[in-house]
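Notes to accompany the following structure.
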Amino acid sequence: MMLNGKTVLVVGAAGLLGGEVVKGLLNSGAHVIATDISIDAMGERFSKLDIDYDDEVLTLHQLNILCEQSVKEFFQSLDVLDGAVNAVYPRNSNYGASFFDVNLADFNDNVNLQLGSMFLFSQQCAAFFMRTKKPFSIVNFSSIYGVVAPDFDIYNNTQMTMPVEYAAVKSAMLHLNKYIASFVNNSDFRINSVSPGGIYDWQPDGFVENYRAKTLGAGMLNPSDMNGSVIFLLSEASKYINGQNIIVDDGFAL
């Protein structure tokens, strides 16, 4: 297994992507520290995914990724950590409005929640590396819409849209990864991204078919389809890959 003997932190472990990442890491031999704002929510997600609660390989911690003091104290409490995956997706109750319906306060709030949490997470991972001086790999989740402009045609005849805050945040994340890699300036510290295409989460049939027509045939992907790239970036197989982005979208961004 590619991650035997490695300890990996997953923040946002109760989410759609986070839960699958935890399962994939365990199957790859890693010891996993899973965190989210709710222990119960993680338990429900892991139960649906048939993840066993073996304290020797999986530990659960409550962590509010938006609370700077809590995040700093959590990282200070850790002694062993080889990598970390950021799967959090914080947003306020007005998130998802169409472009002309988004007010400035909500735009600023959602950018702050999403990009700010990624900054804090990555900053504290880097601080942990500087303290321990042991090889460390971070994986952040960006998106195809951090790389290319949205295709609004696929939202025709649906109530859905592609939130403007999402595009702003996911594109900014890619450059922030490069900034952090350059700032730390050490081959033993790596920070990269995985950019998924559309992830299936019971979207309307019309949207799913519109989306499929833009791919090479697979259409919407499963959350588990991201695990191969995540595990690769956490493993020694990607030893000198740094500040990069892997797109997993079955050709949507071509």
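Laboratory data are not the source of any read-out in this text; all were calculated from the coordinates shown. These numbers were taken from a predicted model, which means no experiment stands behind them. Neighbour counts run over all protein chains shown; Cβ positions are idealised from the backbone, glycine included.
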- Query: Once both axes come from the Cα atoms, what is the angle between helix 164-184 and the longest principal axis of the chain, in degrees from 0 to 90, rounded to 10?
  - Reply: 30
- Item | Extension gain (nm, one decimal) between residue 70 and residue 98, 0.36 nm per residue minus Cα-Cα | 6.7 nm
- Potential extension, residue 57-residue 188 segment - 0.36 nm per residue separation minus Cα distance: 44.7 nm
- Message: Between residue 202 and residue 79, what is 0.36 nm times their sequence separation minus the Cα-Cα distance? Round to one decimal in nm.
- Response: 40.3 nm
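Run the numbers on segment 10-78 and let me know its relative contact order in percent, using alpha-carbon pairs under 8 Å that are six or more apart. Show your work: numbers first, answer last.
On the way: 92 pairs, mean separation 21.8, N = 69.
Taking the mean separation of contacting Cα pairs over the length of segment 10-78, I get 32 percent.
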- Would you mind checking which residues have amide H under 5 Å from residue 246's amide H? H placed 1.01 Å from N; only 5 or more apart, or other chain. 193, 194, 195
- Message: Suppose each label sits 7 Å from its Cα in the direction of the beta carbon; what would the residue 91-residue 39 distance come out to in nanometres?
- Response: 2.9
- Task: Would you mind checking the tilt of helix 68-77 against the longest principal axis of the Cα atoms of the chain, expressed as 0 to 90 degrees and rounded to 10?
- Result: 40
- Cα-Cα pairs above 26 Å in the chain: how many percent? 39
- Would you mind pulling out the separation of the Cα centroids of segment 6-59 and segment 102-166, in Å? 21
- If amide H atoms are built 1.01 Å from N in the plane of the peptide, which residues on other chains or at least 5 residues away come under 5 Å of the amide H of residue 6? 31
